[in-house]
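Peer 1: Sharing a structure with you now.
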Amino acid sequence: MINVVYPVLMCRHRNRKKILIVERPFGLRGHGEPSQSYGYINKGLKPTATLQAMLGLPPLHLIVQEEAALAAFSLSISGTLNKDSRIKHIPIMEDAIKRQPMMASPSDKAPKAYNFQKNFNINLTEELYDYSSPTELRIYTDGSNTATGTGVGVFSNDLNIKISRPLDKFNTVYQTECVGIILAAHAIENRNVTDMHIRIISDSASVLQSLNNNSYTSRIIQECHSALERITVPKRNTVTLQWIKGQSDSQGNDAADELARRGSSAAVFGPEPIVPFPFGQLRGWLSEYT
């Protein structure tokens with residue numbers, strides 16, 4: 001209980017301190033009245049409430065409710081929230097879900113996990129030449145986030161792959177890029193590719209860096225690890241994730257980009273979310289109601 005409330009109280013203290021700094025130049029007194037020299041008296045509002053109205057800031061108690069709900073969601077995802085307890089965070093979280101049922105869907109945030117043994121390689125240095133050697137298969141992946149939605153594209157001349165998929169409108173570019181790698185791995189697995197050198201090309205350095213880390217808190221990154229491992233040792237393949245610069249005049253990368261854009265403009269069929277929504281979306285939803 002203390003661990004949950006303490007950050008909220010600290011946030012409240014910092015916000016109050018900032019408001020007091022702004023109050024001082026206006027000559028606002030601590031007991032609720034502005035200085036007589038400013039020609040008006042507002043006895044009905046305290047200085048904090050007055051400035052909140054002037055600056056368009058939400059009331060502090062609503063900010064505290066938002067932080068409490070976010071803390072409850074974080075504890076629920078980590079598996080440490082006891083819903084039989086009487087802490088007030090649970091009713092706030094349940095009330096938020098009633099207003100936006102999507103909040104009850106799986107989030108991309110997951111308890112911290114570790115992976116110290118990877119059977120695939122990651123190359124974050126740009127290649128001198130973008131072409132397939134006789135002993136190598138190349139698959140290009142890309143993600144897109146446009147005004148119409150988000151999408152994923154996967155392209156390979158070597159394996160005759162052309163995949164264009166729409167995702168949810170609230171998914172991030174980072175997520176679309178990661179899903180692209182997952183779909184590429186699935187396509188390789190479905191074609192039963194064995195005893196080959198495979199290079200999966202992505203222009204997302206952030207996703208490749210996340211896959212290169214030994215720890216992660218993302219369900220999509222975890223699924224990406226699993227998909228890549230299934231096409232390495234069991235299939236006797238050598239797999240390398242290769243970074244490529246965006247807009248690099250690569251025909252394969254341009255083709256994947258076009259497929260991703262096509263996916264972002266396509267309609268989504270079936271229940272949402274298609275993939276877990278980003279945890280940051282929770283704050284956006286909570287802010288709409290506070």
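Peer 1: Residues of the stretch 194-242 being hydrophobic (A, V, I, L, M, F, W, C) and part of a loop (DSSP other than H, G, I, E, B), which ones? Steps first, please.
Peer 2: Applying the first criterion (hydrophobic (A, V, I, L, M, F, W, C)) to the stretch 194-242 yields 196, 198, 200-201, 205, 207-208, 211, 220-221, 224, 227-228, 231, 233, 239, 241.
Correct list: Met196, Ile231.
Peer 1: Filter the strands (runs of 3 or more DSSP E) completely within the stretch 93-160 down to those with at least 3 residues that are touching a residue at least 40 places away in the same chain (Cβ under 8 Å) and surrounded by 15 or more Cβ atoms within 10 Å (Cβ to Cβ).
Peer 2: On the way: elements: 109-114, 121-123, 136-146, 149-156.
Ranges flagged: 136-146, 149-156.
Peer 1: Determine if the stretch 214-232 includes at least one residue that is of a type in the set (Val, Ile, Thr), crowded, with 18+ Cβ neighbours inside 10 Å and more than 20 Å from the chain's Cα centre (by Cα).
Peer 2: Scanning the stretch 214-232, I find at least one residue that is of a type in the set (Val, Ile, Thr), crowded, with 18+ Cβ neighbours inside 10 Å and more than 20 Å from the chain's Cα centre (by Cα), so the answer is yes.
Peer 1: For Val207, indicate whether it is in contact with a Cys (Cβ under 6 Å, 6 or more places away or on another chain) and either surrounded by 13 or more Cβ atoms within 10 Å (Cβ to Cβ) or modelled with pLDDT under 95 (or both).
Peer 2: Details: in contact with a Cys (Cβ under 6 Å, 6 or more places away or on another chain): yes; either surrounded by 13 or more Cβ atoms within 10 Å (Cβ to Cβ) or modelled with pLDDT under 95 (or both): yes.
Criteria met by Val207.
Peer 1: Any residue at all in the stretch 255-264 that is closer than 17 Å to Leu137 by Cβ and not charged (D, E, K, R)?
Peer 2: First pass over the stretch 255-264, keeping only residues closer than 17 Å to Leu137 by Cβ: 255-256.
Next, from what is left, pick out any that are not charged (D, E, K, R): 255-256.
Within the stretch 255-264, one or more residues are closer than 17 Å to Leu137 by Cβ and not charged (D, E, K, R).
Peer 1: Filter the stretch 261-285 down to residues that are under 19 Å from Ser78 (Cα atoms) and either without any contact (Cβ under 8 Å) to a residue 40 or more places away in the chain or not in a strand (DSSP E or B) (or both), then give me how many there are. Working first, answer last.
Peer 2: Looking only at the stretch 261-285, we keep the residues that are under 19 Å from Ser78 (Cα atoms), and these are 275-283.
Going one step further and asking which of them are either without any contact (Cβ under 8 Å) to a residue 40 or more places away in the chain or not in a strand (DSSP E or B) (or both), we end up with 275-276, 278-283.
Of the residues in that region, 8 qualify.
The values are calculated or read from the model by the stated rules, or taken from the named source; none is laboratory data. Note that the structure is predicted; figures quoted are calculated from it, not measured. Because the Cβ atoms are built from the backbone with ideal geometry, glycine has one as well, and the counts that use them run over all protein chains shown.
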